[in-house]
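What follows is one structure encoded as structure tokens, with my remarks underneath.
Quick note: the coordinates plus some simple rules give every number you see, no bench work behind them. In this text, all values refer to a predicted model and were calculated from it rather than measured experimentally. For neighbour counting, all protein chains shown are included, and Cβ atoms are generated from backbone atoms with ideal geometry for every residue, glycine included.
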Amino acid sequence: MTLVLPESLRDVEAVTRVATPARLEYDFTAGRATTTFLRGILEHKILGEACPICHKVYVPSRGACPSHGVPTSEIVELAGPGVLVSYCVVNVAFHGSVMELPYVGGLIQLEGADMFLMHLIQEASPDEVRIGQWVEPVWRDDADLEATLESIRYFRPLDRPDATVDEAGHVVSWGPATRGGAA
Amino acid sequence: MRDVAIVSFAQSHHRRAVEDLNEVEMLMPVTREALDNIGIGIGDIGFTCSGSTDYLAGNAFSFVSTLDGIGPWPPISESHVEMDGAWALYEAWVKLQTGAVDTAFVYSYSKSSSGDLAMVMSRQLDPYAVGPLWLDSVGCAALAASAALDAGVVTREAMAEVAARSRRDALANNEYAQLRFDRTAAAVLAEPDHVGLLHRSDCPPISDGAAAIVLAAGDRARELCDNPVWIRGIDHRIDPMALGYRDLTDVPSARLAASRAGVVPAEIDAWELHAPFSHDELLLRRAMGVPDDAVVNRSGGALAANPMLTAGLIRIGEASWQISSGESERMVAHATQGPALQQNLVAVLEGDR
Ligand SMILES: [Zn+2]
């Protein structure tokens, strides 16, 4: 199809691109479960929630057990230490990042939890970090605690024999690693 | 065609703002009730489809985290539409027609209160010409209302009558609605103009809420409940996106959808029309040939509770309740989406008796 433009538009340069910026602001509702978690943080506590059917412990809980579609109604306090089930070394700066390169982001299964928490791993050089390694939270001073996961500054290695993590990335034995891996 | 019926419906008590619960916590009791009503679990469902939009939550992939509330593990067959739940129901109906499944679960929800709703809804306009003007959803409705008033196809008195009747019917019939009161049309007319020629009462409330429906085919429907409500016809159509291409005083896509769904107005004993603004109901009645003395929106409609992307699915659910309770025999349920009644879905529902 040939588009016939009026005379006045014949030699006009085509518009190939427009920018239409948009900005919207929202009030985010944390909800019951996340509120429980964040209030715990203010008291220097890590509170998970368990499914009343399968007793899996989620931390932080979003409010529902995905296996059963019911509220995670039982509050479980966790000690803090956990096992690194996966990690990545970040070597590339991204927009807005304040971290010094390289640094480690870790997926941590806290002892007593069935799901993972993502957090920074510090006080360890990236080449020392490994799956199965025990880590513990390093908190801000009590006076500086706020209702945010940033009240835990990072996790650092804990001097304790490595745990056993299966191929799917779950801790199968919290004790010393057994040869051959799977329990 | 396979016979497909609504076998369960549940909805929340819609509120101006649900501030104590996140989306999954708000939705979970509703999805649970819809399944519990007929004594089944998510494992008995062949296909699940939901309707919502992350624009309302302001949170990417919020619809994925909401899935946790229905127990999607081990994995379920699931889909999502960025549309009112009525279109999720349509997708589920198509899936049932293929014969691949005998049951389907449909839900939708929204926290309309999280952002500036009218501004959020402006993002559904075309991003090149109209979006940058930030024409909001109330302004868009006011444009259509002015056009319809100018053309003489609606009157402010008739609009006020719809606004007053909707809240009065909600008071009498619908404990789930948000605006339930008895105020006269004269009181609506006495209100100052709100946006354009719309009074505040011509506009829907901002509502947070959720709804869920279970569909089943043939004998499975009869096994699951005593009063299945059959979907005898269903169709959806769309008018052009550009407001300037449309005659805002008419709703051709609703007329076409009604005709394709097999609506014969004289055979319908009550209507649930998804008409967020009072003039919307008048335009839809005209487009679909709804008789003047017809029973429309016994539930109070979207003017009494309007959780975005859910109020359409609620019309279908409300109609199913009115039929299964014996109040009506054959009803039309309608849903709309998009600016100024752009997209329309029409279903004809009928009971067994
Ligand atoms: Zn569970």
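Structure summary
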| quantity | calculated |
| --- | --- |
| R0 of 30 Å, Cβ-Cβ distance A:LEU158-A:THR35: FRET efficiency to nearest 0.05 | 0.55 |
| Size of electric dipole in chain A: Cβ of Lys, Arg +1 and of Asp, Glu -1, about Cα centre, debye, nearest 20 | 400 debye |
| Sequence-distant residues sharing a close amide H with A:GLY69 (under 5 Å, placed H) | B:GLY71 |
| Fewest-first ranking of A:PHE116, B:PHE61, A:PHE155, using other Cβ atoms within 10 Å as the exposure measure | B:PHE61, A:PHE116, A:PHE155 |
| Anisotropy class of segment B:168-290 from Cα gyration tensor, a/c 1.5 cut | oblate |
| Using θ = phi - 60° and Karplus 6.51 cos²θ - 1.76 cosθ + 1.60, couplings along segment B:35-48 (whole Hz; Gly, Pro as x) | 6, 4, 3, 10, x, 10, x, 4, x, 8, 9, x, 8, 10 |
| Over chain B - Rg/Rh using Cα atoms and the Kirkwood inverse-distance radius | 0.95 |
| Cβ-based exposure ranking for A:LEU120, B:LEU283, in which fewest neighbours within 10 Å come first | A:LEU120, B:LEU283 |
| Per-residue mean of C-beta atoms belonging to partner chains within 10 Å, peptide B:63-69 | 4 |
| Projected area averaged over orientations for segment B:206-259, convex hull of C-alpha atoms, nm² | 6.6 nm² |
| Shape of segment A:27-183, Cα gyration tensor, a/c cut at 1.5 | oblate |
| Integer Hz, Karplus 6.51/-1.76/1.60 couplings in order for segment B:331-338, x for Gly and Pro | 10, 10, 10, 10, 9, 10, 7, x |
| Where only C-alpha atoms are counted, convex hull volume of segment B:61-103 per residue in Å³ | 85 Å³ |
| Cβ neighbours within 10 Å from other chains - mean over A:58-69 | 6 |
| Chain B: relative contact order in percent, alpha carbon pairs under 8 Å with at least 6 residues between | 25 percent |
| Percent RCO, i.e. relative contact order, over chain A, from Cα pairs under 8 Å lying at least 6 residues apart | 16 percent |
| J(HN,Hα) series, segment A:150-155, from Karplus relation 6.51 cos²θ - 1.76 cosθ + 1.60, nearest Hz, glycine and proline x | 5, 5, 8, 5, 5, 10 |
| Highest-fluctuation residue, B:SER113, B:SER65, B:SER137 considered, GNM on chain B with Cα pairs under 10 Å | B:SER65 |
| Between helix B:311-324 and chain B: long-axis angle, C-alpha atoms, 0 to 90°, nearest 10 | 60 degrees |
| Cα gyration tensor shape for segment B:69-218, rounded if a/c is under 1.5, else prolate or oblate | prolate |
| Loop sites in segment A:1-99: chymotrypsin sites (Phe, Trp or Tyr not before Pro), DSSP, at most 10 other Cβ within 10 Å | A:PHE94 |
| Computed over segment A:79-175: relative contact order in percent, which uses C-alpha pairs under 8 Å that are six or more apart | 27 percent |
| Distance between segment B:132-159 and segment B:242-320 - C-alpha centres, whole angstrom | 16 Å |
| Amide proton proximity set for B:VAL296, modelled H, under 5 Å, gap of 5+ | B:TRP271 |
| Reduced Cα scattering model of the protein assembly as shown, Debye log10 I(q)/I(0), q = 0.13 Å⁻¹ | -1.21 |
| Simple Cβ-charge dipole of the protein assembly as shown, Lys/Arg +1 and Asp/Glu -1, about Cα centre, in debye nearest 20 | 640 debye |
| Relative exposure of B:ARG220, A:ARG17, B:ARG260, judged by other C-beta atoms within 10 Å (fewest first) | A:ARG17, B:ARG260, B:ARG220 |
